[in-house]
Structure formats: C-alpha cells, structure tokens
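Before any comments, here is the structure.
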Amino acid sequence: MKSLFHLAYHVHDLDAARAFYGGVLGCREGRSTATWVDFDFFGHQLSLHLGTPFPTTDTGLVGEHRVPMPHLGLVLELPDWQALAERLRAAGTRFVLEPQQRFAGQPGEQWTMFFRDPSGNPIEVKGFRSLGTVYAA
C-alpha cells in the first residue's frame, strides 16, 4: 500500500514560511488562503497555518546532543540529503545539530541534521545510502 502523510502545524508568518519551505527547501507550493498554505514536502502534504507553533523541549538525545522534541522528520537517500544540507548551508541556516554521520559501518548507518523553520518548528532530516536500511537493527 502506498500512502502519503498529511501534517498541519502553525507558523507565525506565511511569507517567511513560503521563503523557507519553497525557496530554501525547494518544496512546491499548493493551495493556500490568507491563513494557510500547503506544500509538497518531498512527496507529502504539509499544511502551514497561521498561529502559535507547538511548544518543544530539548529532551531528545542524538548521541550526546540534545535535540528538540517533538519534531518533524524526513528520510532521504544520501545524495538528496547531501544536496539539501548544502542548500541549507548556502542559505545560512542555523543548525540545532550540524549535518553529520551516525552509526558508521553499522546496521542503520545514517546521516542526520536538525534545524528550525523561521517560526521555530524543528525539523530533522536523515540520509541513508539505501532506504531499505532505514529499519536495520
């Protein structure tokens, strides 16, 4: 069964969201009104509505680094992850967790990075050599 996820959350400013999700991340904009905008978030539907973003705390652990919880996550194949990391760097994105490799040479080997959108919503992007190894233990 193939399916898409739909996630909706709040942002402070739709123009800033458009610049970040559309411009920096390269997501195609879909429908919108004066109070919300949809994006094709790497094949999934992301709906951003004007309002107060959800609260987060730095209670997650990635290695020895604290990361925001809850957060939106995305999994990409490694070349796409590397290209996105470069786009984010070129845009001057401030990382919560700099792009880095984890579990080198082990099952589940991956690359990860954490950053926030202009409203402070946390996003993690993971990269894998093969999406078939996402659940490797």
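The values are calculated or read from the model by the stated rules, or taken from the named source; none is laboratory data. Just so it is clear, the structure is predicted and the values come from calculations on it, not from any experiment. Note that each Cβ is placed from the backbone with ideal geometry, even for glycine, and that neighbours are counted across all protein chains shown.
Please determine whether any residue of region 25-35 is free of Cβ contacts under 8 Å to residues at least 60 places away in the same chain, outside any loop (DSSP other than H, G, I, E, B) and buried (at least 17 other Cβ atoms within 10 Å of the Cβ).
Within region 25-35, not a single residue is free of Cβ contacts under 8 Å to residues at least 60 places away in the same chain, outside any loop (DSSP other than H, G, I, E, B) and buried (at least 17 other Cβ atoms within 10 Å of the Cβ).
Just one of (1) surrounded by fewer than 19 Cβ atoms within 10 Å (Cβ to Cβ); (2) of a type in the set (G, A, S); (3) free of Cβ contacts under 8 Å to residues at least 60 places away in the same chain trips up A85, so point out which.
Going through the list (1) surrounded by fewer than 19 Cβ atoms within 10 Å (Cβ to Cβ); (2) of a type in the set (G, A, S); (3) free of Cβ contacts under 8 Å to residues at least 60 places away in the same chain, A85 breaks only (1).
Would you confirm whether or not region 109-132 contains a residue that is part of a loop (DSSP other than H, G, I, E, B), small (G, A, S) and touching a strand residue (DSSP E or B) at 6+ places or on another chain (Cβ under 6 Å)?
Yes - at least one qualifying residue is present in region 109-132.
Answer yes if at least one residue in region 46-67 is within 19 Å of S3 (Cα to Cα) and either modelled with pLDDT of 95 or more or not in a strand (DSSP E or B) (or both), and no otherwise.
Yes, that holds for at least one residue.
If I ask for residues that are hydrophobic (A, V, I, L, M, F, W, C) and loosely packed, with under 12 Cβ neighbours inside 10 Å, which ones from region 88-130 would you list?
A90, A104
Which number in (1) surrounded by fewer than 13 Cβ atoms within 10 Å (Cβ to Cβ); (2) in contact with a helix residue (DSSP H, G or I) (Cβ under 8 Å, 6 or more places away or on another chain); (3) closer than 24 Å to S47 by Cβ; (4) of a type outside the set (K, R) marks the one condition that E77 misses?
With respect to (1) surrounded by fewer than 13 Cβ atoms within 10 Å (Cβ to Cβ); (2) in contact with a helix residue (DSSP H, G or I) (Cβ under 8 Å, 6 or more places away or on another chain); (3) closer than 24 Å to S47 by Cβ; (4) of a type outside the set (K, R), E77 is out only on (3).
Regarding M1, is this residue hydrophobic (A, V, I, L, M, F, W, C) and exposed (fewer than 12 other Cβ atoms within 10 Å of the Cβ)?
Here the answer is yes, as M1 does meet what is asked.
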